[in-house]
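Report on the structure given below.
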Amino acid sequence: MKTNDTAHGVFGGVGLYIYREKNSSDSLPYIEVLSSIEGTTGWLAGITSGDLIISIDGESTAKLSIDEAMARLRGWSGSTVNLVIRRGESLEFPVNLKRASIEVPTVKYAMIDGIGYLKVLTFTPNTADSAVNAIRYFEKNNYSSVILDLRNNAGGLMNSAVEVASLFLEDGIVARSKSRIPLVNRVYKTRRDSQVPSCFPVVVLINGGSASGSELIAGVLKERGRAYLVGEQSFGKGSMQLVLSLGPIGFKLTTAYYYTPENVSFDQIGITPDLIISEIDDAGAEKRRNLIMNNLVYNLEYDIQLQEAVNILNELLYPLYACVWP
């Protein structure tokens, strides 16, 4: 499986985005879970952002590279892989996962009391078009505001993230990349016409699993006063990487770092929400997983952050943004 498969929408494995753990108090650099893909075996097992993978099939991950760990997590559909997970300072437990062929979804959407709810799970070549289809659905249902859910969105294609951001902006700069190599320095501007009227309020949901492209979108919408951010500090992955091939193998090369339009770096820092509010506890998360597996796009009863977003749009922001559809 090539290292860039996840950017094109289909790959095999257990549905976990992984990263090298950044701030461990432990001397062993275990692999960290960035996020789990909704509906996959990793997600159903309750593995979540911030969990550490201590071992894979009995082999410690302390000396494994990210690519080596990914190769061990992937395999034939139907086969199993055994993990040991560390959560918090000392809680460790085994997890047995069945591998499957995974098709990464791009967006999910629904209406919540006149609010268009758009959940973007990853950025692929099809994500922006899928988001436009969602907005067309909102229009038919007379929406007046939007909740953009970027929680557990680990990123994907940079150009796709720029296109999705463009749907909420009239024009202007979306992001910048900076490098010691002048040719890599770029300014990313809007690439599509705005699809959401500028007077329609937007709330963006982020958490510790929001990384890379989702952080770019949250950052630019916050800086330009286009959205109010709710949730938890994002992951903090602002590096640009190229996948280069050397015959049958390849490697990733970090060539630059991403910045917001105001030249703020979020690498290893993350994006800070306007309103910091924790997610639901483990018991609530389990109930929400069961509901989502029954094809519910959202559930307000077990999602405190989403409840707050709805409350903000209905009670606080909407009277300030009232406008007439052109």
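The values are calculated or read from the model by the stated rules, or taken from the named source; none is laboratory data. Just so we're clear, the structure is a prediction, and the values are computed from it rather than from any experiment. Note: ideal-geometry Cβ built from the backbone for every residue, glycine included; neighbour counts use all protein chains shown.
Val146: at pLDDT 95 or above, hydrophobic (A, V, I, L, M, F, W, C) and within 11 Å of the chain's Cα centre (by Cα), yes or no?
So Val146 does not fit the description; no.
If a residue has to be buried (at least 20 other Cβ atoms within 10 Å of the Cβ) and either under 10 Å from Pro29 (Cα atoms) or free of Cβ contacts under 8 Å to residues at least 40 places away in the same chain (or both) to count, how many in segment 57-75 make the cut?
2
Which of the numbered conditions does Lys63 fail, given that it passes all the others? Conditions: (1) assigned by TED's automatic domain parsing to the domain that holds Pro201; (2) over 21 Å from Arg226 (Cα atoms); (3) charged (D, E, K, R).
The number of the failed condition is (1).
Do any residues in segment 175-194 that are basic (Lys, Arg) have Cβ atoms under 7 Å from those of residues that are surrounded by fewer than 15 Cβ atoms within 10 Å (Cβ to Cβ), where the two are at least six apart or on different chains, and which pairs are they?
Listed pairs, sorted by first residue: Arg176/Val187; Arg176/Asn263; Lys178/Asn185; Lys189/Gly172.
Tell me which residues, restricted to segment 28-59, are assigned to a loop (DSSP other than H, G, I, E, B) and among the aromatic types (Phe, Trp, Tyr).
Tyr30
Going through segment 159-193 one residue at a time, which ones are crowded, with 20+ Cβ neighbours inside 10 Å, within 19 Å of the chain's Cα centre (by Cα) and closer than 19 Å to Ser239 by Cβ?
Ser160, Ala161, Val162, Ala165, Val174, Ala175 - these are the residues of segment 159-193 that are crowded, with 20+ Cβ neighbours inside 10 Å, within 19 Å of the chain's Cα centre (by Cα) and closer than 19 Å to Ser239 by Cβ.
Got at least one residue in segment 102-118 being over 30 Å from Val196 (Cβ atoms), of a type outside the set (Val, Ile, Thr) and surrounded by fewer than 18 Cβ atoms within 10 Å (Cβ to Cβ)?
no
Tell me which strands (runs of 3 or more DSSP E) are completely within segment 60-151 and hold 3 or more residues being of a type in the set (Gly, Ala, Ser), or say none if there are none.
none
Within segment 161-170, is there a residue that is at pLDDT 95 or above, polar (S, T, N, Q) and not in a loop (DSSP other than H, G, I, E, B)?
yes
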